[in-house]
Amino acid sequence: MIRRAADIAKGGTWCFPGGHVERGETPARAVVRELDEELGIDVVPTERVGSLRVLDSRHILVAWRVRHVKGSFTPHPGEVAEWRWLTPKEIRDIRPTLPSNEVVLQMLGV
């Protein structure tokens with residue numbers, strides 16, 4: 001999980017890493033780019049687990065399982081204030097959080 005940097009939208013909240021699909025980009029390519037930009041890691045998307053419309057925006061969140069290929073989890077300070085490995089229970093208990101986290105956990109079956 002990442003805690004979003006203070007100067008970005010919904011700053012300070014905990015969420016799964018990821019971001020917006022750019023024009024001409026597929027959702028699978030977006031998750032690869034976003035995890036590189038946010039955490040400095042290379043991943044391969046392995047499974048699209050689901051999607052949901054984000055309530056307070058026009059965006060659709062698409063959740064993916066990925067395989068870590070390389071990189072040392074070095075967060076970009078302009079986007080990520082902190083990152084942690086958390087259990088599903090810890091994700092449910094951490095605050096402040098985005099409401100979509102619970103839906104993603106359900107999609108993942110945990």
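For the stretch 76-86, the candidate set comprises residues that are more than 20 Å from Val44 (Cβ to Cβ) and touching a strand residue (DSSP E or B) at 6+ places or on another chain (Cβ under 9 Å); within that set, the residue that is most open to solvent (accessible area, probe 1.4 Å) is Arg84. Suppose the filter is at negative phi and either among the polar types (S, T, N, Q) or open to solvent by 50 Å² or more (accessible area, probe 1.4 Å) (or both); does Pro96 pass it? Here the answer is yes, as Pro96 does meet what is asked. Thr26 fulfils the conditions (1) touching a residue at least 24 places away in the same chain (Cβ under 8 Å); (2) farther than 24 Å from Asp7 by Cα; (3) not acidic (Asp, Glu) except for a single criterion, (1). From the list Pro75, Pro99, the one residue that fits, being at pLDDT below 95, under 19 Å from Thr13 (Cα atoms) and under 14 Å from the mean Cα position of the chain (by Cα), is Pro99. Of all residue pairs spaced 6 or more apart or on separate chains, those with beta-carbon atoms under 7 Å, a first member in the stretch 71-88 that is under 13 Å from Glu38 (Cα atoms) and a second member that is exposed (fewer than 11 other Cβ atoms within 10 Å of the Cβ) and at pLDDT 95 or above are Ala81/Ala6.
Are any residues in the stretch 45-75 part of a strand (DSSP E or B), of a type in the set (A, V, I, L, M) and surrounded by 13 or more Cβ atoms within 10 Å (Cβ to Cβ), and if so, which ones?
Val49, Leu52, Leu61, Val62, Ala63, Val66
Just to be sure before I move on: is Gly12 under 26 Å from Lys89 (Cα atoms), in contact (Cβ under 8 Å) with a residue 24 or more places away in the chain and part of a loop (DSSP other than H, G, I, E, B) in the structure I sent? For Gly12, the condition - under 26 Å from Lys89 (Cα atoms), in contact (Cβ under 8 Å) with a residue 24 or more places away in the chain and part of a loop (DSSP other than H, G, I, E, B) - is met.
Return the total of residues in the stretch 33-44 being touching a strand residue (DSSP E or B) at 6+ places or on another chain (Cβ under 7 Å), farther than 20 Å from Thr87 by Cα, part of a helix (DSSP H, G or I) and open to solvent by less than 30 Å² (accessible area, probe 1.4 Å). Total meeting the criteria: 1.
Is the stretch 21-31 home to any residue that is surrounded by 15 or more Cβ atoms within 10 Å (Cβ to Cβ), in contact with a helix residue (DSSP H, G or I) (Cβ under 6 Å, 6 or more places away or on another chain) and part of a strand (DSSP E or B)? Taking every residue of the stretch 21-31 in turn, none turns out to be surrounded by 15 or more Cβ atoms within 10 Å (Cβ to Cβ), in contact with a helix residue (DSSP H, G or I) (Cβ under 6 Å, 6 or more places away or on another chain) and part of a strand (DSSP E or B).
Residues are listed down the side, and each one gets a yes or a no for (1) touching a Leu at 6+ places or on another chain (Cβ under 9 Å); (2) of a type in the set (D, E, K, R); (3) within 19 Å of His76 (Cα to Cα):
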{"site": "Met1", "(1), (2), (3)": "yes, no, yes"}
{"site": "Ile8", "(1), (2), (3)": "no, no, yes"}
{"site": "Leu35", "(1), (2), (3)": "no, no, yes"}
{"site": "Glu38", "(1), (2), (3)": "no, yes, yes"}
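The values are calculated or read from the model by the stated rules, or taken from the named source; none is laboratory data. Everything numeric in this text was worked out from a predicted model, so none of it was measured. Positions of Cβ are generated from backbone atoms using ideal geometry, with glycine treated the same way; all protein chains shown enter the neighbour counts. These area figures cover heavy atoms from the full protein model, side chains too; ligands, DNA and RNA do not enter into them. Shrake-Rupley method; radii C 1.70, N 1.55, O 1.52, S 1.80 Å.
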